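Data first, discussion second: the structure below is written as structure tokens.
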Amino acid sequence: MDDTQKPTEIEVVAWARLLKASAKLLAFVERDLKDAGLPPLAWYDALLELHRARPDGLRPGDLQQEMLLPQYNVSRLVDRLESSGYAVRRPHPQDGRGQMLQITETGTDLIKRMWDVYGRTIAANFALKLEGRDAERLAKLLSRLL
């Protein structure tokens, strides 16, 4: 790799800060959900995707793609959501061997309760630390990475 392909020192600093900030903010969310007696953030993410896919639901593979988790993690998560009554598996209408996952009313209630905590955590540990149009600029910068 020649010098034109290597990041500058400030680019490495920015990268490290992005990773550290992300990890720290996610830890705050996980802590606050746990303190409120709520499930981990992955449950919220899965239920939100199922909520967005209403009324049809999602195939397990589609949920996995939306969440960017390994298949075995999604399978275990779906098992937990189903056994807790937050999601149901139904036969796929066109594919006799396939399944569709759908959120239940109890699951919808749970994401609302989780969002109350999650939203407050975002406000306290992220939004309130930004000034003026910082959030807009940050969103624009990060969109380039996505």
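The values are calculated or read from the model by the stated rules, or taken from the named source; none is laboratory data. What you are looking at is a predicted structure, and each value in this text was computed from that prediction instead of being measured. Virtual Cβ from ideal backbone geometry, glycine too; neighbours counted across all protein chains shown. All accessible areas refer to the heavy atoms of the entire protein, side chains included, with ligands and DNA or RNA removed. Shrake-Rupley method; radii C 1.70, N 1.55, O 1.52, S 1.80 Å.
Of the trypsin sites (Lys or Arg not before Pro) found in the range 53-146, the ones in coil according to DSSP and having at most 11 other Cβ atoms within 10 Å of their Cβ are R97, R133. Over 22 Å between C-alpha atoms is what I'm after, so list which of K20/K112; K6/K140; K34/K112 land there. Where the Cα-Cα span goes over 22 Å, the pairs concerned are K20/K112; K6/K140.
Answer with a single label: of (1) 10, 30, 30, 19, 9, 2; (2) 12, 41, 29, 14, 4, 0; (3) 10, 33, 33, 20, 4, which was calculated as P(r) over Cα pairs in 10 Å bins from 0, in percent from the structure in view? Only one listed value fits the structure, namely (1). By the scheme Lys and Arg +1, Asp and Glu -1, what is the net charge of all other residues having a beta-carbon under 14 Å from that of L141? Here the count lands on +2. Across the chain, the relative contact order, built from alpha-carbon pairs under 8 Å that are at least six residues apart, equals 24 percent. Could you give the distance between the Cα centres of the range 116-146 and the range 41-86, to the whole Å? Centre-to-centre distance over Cα atoms comes out at 25 Å.
At a 1.4 Å probe radius, carbon and sulfur cover how many percent of the accessible area of the range 60-146? The C+S portion of the solvent-accessible surface of the range 60-146 is 51 percent. Quick check on the range 9-64: take the gyration tensor over C-alpha atoms, sort the square-rooted eigenvalues as a ≥ b ≥ c, and tell me if it's rounded (a/c under 1.5), prolate or oblate. Here the range 9-64 falls in the oblate category.
Selection among L110, V12, L48 by position relative to the dipole of the chain gives L110 as farthest towards the positive end (Cβ unit charges, Cα centre).
Accessible surface calculations at 1.4 Å, restricted to protein heavy atoms, place the chain at 71 Å² per residue. Restricting the GluC sites (Glu not before Pro) of the range 97-146 to loop positions (DSSP other than H, G, I, E, B) with no more than 10 neighbouring Cβ atoms within 10 Å leaves E131.
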